[in-house]
Amino acid sequence: MRDILPELVGLLTGADARPVALCRVVSTAGSAPRDLGAAMVVTADDTVIGSVSGGCIEGALVHTARQVLDDGTAVVESFGVDDPEDPAPGLTCGGQIEVLVERVEASPERLRQLTLLVDALDAHRPIALATTLTGRPDWYLGTSETHEPWRRLDRDVADMLATGRSGIIGVDDCETADPADAQERPRTFVQSFAPLARLILVGANDFVRALSSLGARLGMRVTVVDARPVFATRQRFPDADEVVVGWPDRYLAEQLRGGRVGTTTSLCVMTHDPKFDVPTLRTALQSGTFGFIGALGSRRTVDDRNRRLREEGVREQQLARLRSPLGLDLGAHTPDEVAVSIAAQLIAERQGASAAPLHVTTGPIHHSRPPG
């Protein structure tokens, strides 16, 4: 949607302003041709701006757009694999997508929201646009400073923005026995305009492989880095976004210089080797940049490593940020179990949650993201 936003605003604010149909990809499966949020605008005279599939289904969406412009009722269209025996349009790539087609008018509220969205994008401020997938879509803009309640979904939007994810939240009428819940928490598409949360894993072992897969499923951009080329291979870590062969401390220093790490970056050091662990953790702890820093190790290993870090100039205040031993106390032993315990800690710390069993706690189950 970012690409067509200037044209969308121009059509709504120009001398010949009139409603337009906005088409957006709200869900994908398989080998989808475009990413979530890919958008296309259709005007009343069938002018088309943008694309949602690269040409496979745009013609069908123009027909839907005409209907939506006429009656104002939004439609969610589903498209799957192209079938020569089926006259309905399909995707030659073999994937599946859902496309929301809604009428956007130059109302004061819509123009205000679009202006806020444009301003945030121009200033490189993270922002999320939530849109209910209903007959008359409702829009909501979520930022790191936004705290007002919205359809019991504002916390979900905040979590999506915090991790840079886009996708569908809320419930369908068919998924709940209580229709009121679907009314209060309708199926809603959230498009985050923010970088994905990063997970940098140091080491190339079975524990890292398990955590790289789980981190990817949680919507994080996963990097595995290890200085040993025989172990740091794409074949061993198929779910990682990138596998880097190099000394981890040098890699982190380069990432820091390039401004590619920040408060949404988590670092887990899992090598069990002081010659890798100590310089890597020293670089991360002294930077003050990472949102989360953890390291595997026994109590004895942790004590020895902390001593070495102090000798390397790491101050107590910096050392206090280190989460080691890494993970929650789940009694985990296998690589997959350890990955779950670490991922649970990452989620809990991001949400400011206690990680206590819910049956011994009181109050709301879902946490709002802590300020900052």
_Odd one out for Ala344, checked against (1) of a type outside the set (Lys, Arg); (2) open to solvent by 30 Å² or more (accessible area, probe 1.4 Å); (3) in contact with a strand residue (DSSP E or B) (Cβ under 7 Å, 6 or more places away or on another chain)_ = (3)
*In the range 194-206, what residues are open to solvent by 20 Å² or more (accessible area, probe 1.4 Å) and under 23 Å from the mean Cα position of the chain (by Cα)?*
Ala194, Pro195, Leu196
_Take the conditions touching a strand residue (DSSP E or B) at 6+ places or on another chain (Cβ under 6 Å) and either among the basic types (Lys, Arg) or open to solvent by less than 30 Å² (accessible area, probe 1.4 Å) (or both) and apply them to Phe276. Does it pass?_
no
*Can you tell me how many residues in the range 279-334 are farther than 21 Å from Arg350 by Cα and open to solvent by less than 70 Å² (accessible area, probe 1.4 Å)?*
17
_Criterion first (over 19 Å from Arg323 (Cα atoms), surrounded by 21 or more Cβ atoms within 10 Å (Cβ to Cβ) and under 24 Å from the mean Cα position of the chain (by Cα)) does Val244 satisfy it?_
no
*Would you check which residues across the range 144-173 are closer than 11 Å to Glu184 by Cα, touching a helix residue (DSSP H, G or I) at 6+ places or on another chain (Cβ under 8 Å) and of a type in the set (A, V, I, L, M, F, W, C) and list them?*
Trp150, Val171
*Residue tally, condition assigned to a strand (DSSP E or B) and of a type outside the set (D, E, K, R), over the range 187-228*: 14
*Which one of the conditions (1) over 18 Å from Ser27 (Cβ atoms); (2) of a type outside the set (A, V, I, L, M); (3) assigned to a loop (DSSP other than H, G, I, E, B); (4) in contact (Cβ under 8 Å) with a residue 12 or more places away in the chain does Glu145 fail to meet, given that it meets all the rest?*
(4)
*Inspect the range 318-332 for any residue being in contact with a Lys or Arg (Cβ under 8 Å, 6 or more places away or on another chain) and more than 30 Å from Leu161 (Cβ to Cβ) and give the result as yes or no.*
yes
*Ala355 versus (1) more than 20 Å from Asn205 (Cβ to Cβ); (2) among the aliphatic types (A, V, I, L, M); (3) part of a helix (DSSP H, G or I); (4) open to solvent by 50 Å² or more (accessible area, probe 1.4 Å): which is the lone unmet condition?*
(3)
*the range 101-131, residues that are outside any helix (DSSP H, G or I), open to solvent by 70 Å² or more (accessible area, probe 1.4 Å) and not charged (D, E, K, R)*: His124
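The values are calculated or read from the model by the stated rules, or taken from the named source; none is laboratory data. If you're wondering where the values come from, they're calculated on a predicted model, not measured in any experiment. Quick reminder, even Gly has a Cβ in these numbers, built from the backbone with ideal geometry, and neighbours come from all protein chains shown. Note: accessible area is taken over every heavy atom of the protein model, side chains too, but ligands, DNA and RNA are not part of it. Shrake-Rupley method; radii C 1.70, N 1.55, O 1.52, S 1.80 Å.
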